[in-house]
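In what follows, a structure is listed as structure tokens, so that the remarks can point back to it.
The values are calculated or read from the model by the stated rules, or taken from the named source; none is laboratory data. This structure is a prediction, so every number in the text was calculated from the model and none was measured. Quick reminder, even Gly has a Cβ in these numbers, built from the backbone with ideal geometry, and neighbours come from all protein chains shown.
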Amino acid sequence: MITQDSIDGKLSAEVKLRWRHCTPSSSSPNPEDVYVKSVTYGGTGCPQGSVSSAFSNDRREFVLSFSSFIASVGPLVPITNSRRDCQLNIYIKVPSGWTFDLVKQATDGYVQLPKGLKATLTRIFYFQGGSTSTDVDFWKGARQSDYDSVSTMKQRLFSPDPCGQVIALNVKVSATITGPTAVERLSGQFTVDSISQVQLEWRRTKKNTVTNQC
């Protein structure tokens, strides 16, 4: 059951923490031990109060949508509006003895561009103290349609504490419209509506030989 956590904006997509079941089945942790504690956000594309979220009772599924993540250009539009970004911090409870890789994430929205303009979606994924994975997608005008952009990567995460902790999955999303020098004479819009399909691949951590725990 999904319960609403915020009423700002429109609920439009479901995000699930998914794990691959390999052989043997012990390659995945107990789903009851995995959950999202909280999600924080900030940026020109997601000012406070503009992101709507809802969590399932077990907090392993949540809905996240944006009402103000809109990059736009036009004769009367400030040039600064051609770029919007949002920093997301997804705090995930990691069960004892496990760590994970981020392998998939999807973003969807709407693009409306005349010929000569280009929309670029940039996503940067990283864990605190870890490496960074960047994915870029783009669309050229003339175009007017919804889009669904899937990012598949292998972002390694090695937990320094095998006994369980809360780890922040950080995602920075940027939407940008670019074009010729006379871009201000062309009108276009590029939105990010939702984040979905966060897929994780789990791995066991090594036993702590010092404390003989986990």
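Is there a residue in the stretch 150-166 that is at pLDDT 75 or above, buried (at least 16 other Cβ atoms within 10 Å of the Cβ) and under 28 Å from GLY42 (Cβ atoms)? Spell out the reasoning first.
From the stretch 150-166, those at pLDDT 75 or above are 150-152, 165-166; that's our starting set.
Filter again for buried (at least 16 other Cβ atoms within 10 Å of the Cβ), leaving 151.
Within this subset, residues satisfying the condition of being under 28 Å from GLY42 (Cβ atoms) are 151.
Yes, because at least one residue in the stretch 150-166 is at pLDDT 75 or above, buried (at least 16 other Cβ atoms within 10 Å of the Cβ) and under 28 Å from GLY42 (Cβ atoms).
Go through the stretch 115-138 and report how many residues are of a type in the set (Gly, Ala, Ser) and in contact (Cβ under 8 Å) with a residue 60 or more places away in the chain.
Filtering the stretch 115-138 for residues of a type in the set (Gly, Ala, Ser) gives 116, 119, 129-131, 133.
The next check asks that each one be in contact (Cβ under 8 Å) with a residue 60 or more places away in the chain; those that pass are 116, 119.
Matching residues across the stretch 115-138 total 2.
Evaluate the stretch 34-56: report whether one residue or more is over 27 Å from ALA142 (Cβ atoms), free of Cβ contacts under 8 Å to residues at least 12 places away in the same chain and either touching a Gly at 6+ places or on another chain (Cβ under 8 Å) or not β-branched (Val, Ile, Thr) (or both).
Yes, that holds for at least one residue.
In the stretch 61-142, which strands (runs of 3 or more DSSP E) lie fully inside it and hold 3 or more residues that are of a type outside the set (Lys, Arg) and modelled with pLDDT under 85?
Hits in the stretch 61-142: 61-66, 98-113.
Search the stretch 49-60 for residues being assigned to a strand (DSSP E or B) and in contact with an Asp or Glu (Cβ under 6 Å, 6 or more places away or on another chain), and hand back the single one that is modelled with the highest pLDDT.
SER52
Every residue in the stretch 32-48 that is of a type in the set (Gly, Ala, Ser) and modelled with pLDDT of 95 or more, please.
Hits for the stretch 32-48 are GLY42, GLY43, GLY45.
Pairs only if they're at least six apart or on different chains, beta carbon under 6 angstrom, first in the stretch 86-114 and within 30 Å of GLY74 (Cα to Cα), second of a type in the set (D, E, K, R) and buried (at least 18 other Cβ atoms within 10 Å of the Cβ); list them, first residue then second.
Pairs found: ASP108/ASP193; GLY109/ASP193.
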